[in-house]
Amino acid sequence: MSEKELRAKNSVPAGAGREEGIMNRAAERLYNGIAKENPTFVLMLGMCPTLAVTTSAINGLGMGLTTLVVLALSNLLISLLRGLIPNRVRIPAFIVIIASFVTVVQLLLEAYLPDLNKALGVYIPLIVVNCIILGRAESYAYSNPPIPSLFDGIGMGMGFTVALTCIGLVRELVGAGKAFGFKITPDSFEPVRIFAQAPGAFFVLAALVALQNFVKAAGARAGRDTSKIGSGCSHDCMNCGEKGCSQRFYDDGKEE
Amino acid sequence: MESVKELLVILIGSSLVSNVVLSQFLGLCPFLGVSKKTKTAAGMGTAVIFVITLASAVAGVIYQYVLVRFHVEYLRTIVFILVIAALVQFVEMFLRKAMPGLYEALGVYLPLITTNCAVLGVAITNVQKEYGILTGVVNGFATAVGFTIAIVILAGIREKLEYNDVPASFRGMPMVLLTAGLMAIAFCGFSGLL
């Protein structure tokens, strides 16, 4: 989406505020998560939920916010416990912490937002294996103080929410002629139903990655640093960590 | 007890009609990452069948006899993910010791599956749909077979795609995703089967 680039271009660099220390770092983390390293549009992390729940904007928003809560809380707790967790068992420890928060959030959703819980179904417990959360725990929260970690989680979560809502909006608009449940296209517009169903998700993502490749190539020509773009699955994702597919498979499969 | 007919319906439903990758989007990482050659895709598929069937059996037993018994069903997400991670480690060690031949064939894929969301997804779906242990195992097996079918077909198409002239921006992942989308449309055709 061009919105991201627009924001990256127009927004004030993170360090520009004159407040010192903690506020500055918090703001920097928020900006980093929403624009600079947007988990979906830039890093390409967490693709399963991205494709599965974005059948409508409202579902995307719900999933994004749920993930945001889990991400922020688990980042905070992992950062607080970082002195206590031994290095060798850190991944299982992260998973237990993340799974606990997912369970809490799931029970809350069941109690207070049963409709959303039903719409998101099995993807709520599957937040546990969302690579964004483990990736942030591993690459940020485990080695940084609590407040920046909390804001890192919030920023990443907001970036994820924005991305899911955008994708959901596009699919809802093309697939059903609606935005957030309200019909907005004229009657003469025949919705392309396939976009609200499973195949549409693949097409939208394909267009997105193609756009990303295009931006990356243009950026490389202009001499900008594009190493972050599309780097998700080769760096911080749990599936694709050091013993995973990054070396063995992704290198030859992903980019030419 | 589950009747044979019910099991057959689950078998077809989980492998073809609601295919795990193409309509539920679980296990996308290996689906996109390991589908470059038919041979590796088939290896990955076999490993997934093996692990998911085993994991749904173990998760089913633990759920029925531990979690339900002590009324702590809400702990299932935590317990399942830990059990699956431990199980895959165990399987890897066991295969390396006891069946070197099989380990040679499947070993490299096992670490990739540890946190494959399809494994956890099946375990949780089994609980949500209130399947018994046997039904759960059949569902797990069928899901994994569906994954294998999808990944092998995709790998076959990708081998052919190598020789085509694709626009620069669409090279690599976007083309694979478009292919997957078309496959998903084709698999929609199965929806009238049940």
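The values are calculated or read from the model by the stated rules, or taken from the named source; none is laboratory data. The structure displayed is predicted, hence computed values, not measured ones. So basically every Cβ, Gly included, is an ideal-geometry build from the backbone, and we count neighbours across all protein chains shown. Areas reflect the complete protein model, heavy atoms only, side chains present, ligands, DNA and RNA absent. Shrake-Rupley method; radii C 1.70, N 1.55, O 1.52, S 1.80 Å.
At what distance in angstrom do the alpha carbon centres of region A:54-111 and region A:167-196 lie from each other?
After rounding, the separation between the Cα centres reads 32 Å.
Identify which of B:101, B:136, B:45 has the largest mean-square fluctuation in a Gaussian network model of chain B, with springs joining Cα atoms closer than 10 Å.
B:101
What value, in deg cm²/dmol to 500, does the helix sum -39500 (n - 2.57) over DSSP H runs of n ≥ 4 give at 222 nm once divided by the residues of chain B?
-22000 deg cm²/dmol
Please name which of B:66, B:84, B:193 has its Cα lying farthest along the dipole of chain B towards the positive end, using unit charges on Cβ (Lys, Arg +1; Asp, Glu -1) and the Cα centre as origin.
B:84
How far apart, in nm, are the 7 Å Cα→Cβ label points at residue A:222 and residue A:190?
About 4.0 nm separates the two model spin labels.
Let me know the volume per residue of the alpha-carbon convex hull for region A:180-221, in Å³.
Enclosed volume per residue, from the Cα hull, is 106 Å³.
Rounded to the nearest 20 debye, what is the charge dipole size of region B:92-188 about its Cα centre when +1 sits on each Lys and Arg Cβ and -1 on each Asp and Glu Cβ?
Roughly 80 debye, rounded to the nearest 20.
Need one value: the accessible area of residue B:104 in square angstrom, 1.4 angstrom probe, rounded to the nearest 10.
Accessible surface of residue B:104 is approximately 150 Å².
For q values of 0.16, 0.18 Å⁻¹, compute log₁₀ I(q)/I(0) with the Debye formula on a Cα-only model of chain B, without solvent.
Debye curve over Cα of chain B, log10 I(q)/I(0) at q = 0.16, 0.18 Å⁻¹: -1.02, -1.20.
Could you tell me the accessible area of residue B:23 in Å² (1.4 Å probe, neighbours in place), rounded to the nearest ten?
That residue has around 50 Å² of solvent-accessible surface.
Roughly what percent of Cα-Cα pairs across region A:54-96 reach past 11 Å?
69
At 37 °C and 0.692 mPa s, grab the translational diffusion coefficient of region A:17-68 from Stokes-Einstein with a Kirkwood Rh over Cα pairs, rounded to a whole number in µm² per second.
Answer from the Stokes-Einstein relation: 261 µm²/s.
Out of B:135, B:125, B:53, any idea which swings most in a Gaussian network model of chain B, alpha carbons joined below 10 Å?
Checking each option, the largest mean-square fluctuation is seen for B:125.
On the Cα set of the protein assembly as shown, report Rg and Dmax in Å, please.
My reading of the Cα-based Rg and Dmax gives 21.5, 71 Å.
Hey, what does the equivalent ellipsoid look like for region B:15-100, semi-axes from the Cα gyration tensor as sqrt of 5 times each eigenvalue, largest first, whole Å?
27, 19, 10
Averaged over B:74-83, how many beta carbons belonging to a partner chain fall within 10 Å of each residue's beta carbon?
For peptide B:74-83, the averaged partner shielding equals 5.
Might you report the magnitude of the Cβ-based charge dipole of the protein assembly as shown about its Cα centre, with Lys and Arg at +1 and Asp and Glu at -1, to the nearest 20 debye?
With Lys and Arg at +1 and Asp and Glu at -1, about 400 debye.
Please average, across the residues of A:102-108, the number of beta carbons from any other chain that are within 10 Å of each residue's own beta carbon, and give a whole number.
2
Given a cut-off of 17 Å, what percent of all Cα-Cα pairs of region A:157-207 lie beyond it?
Percentage above 17 Å: 35.
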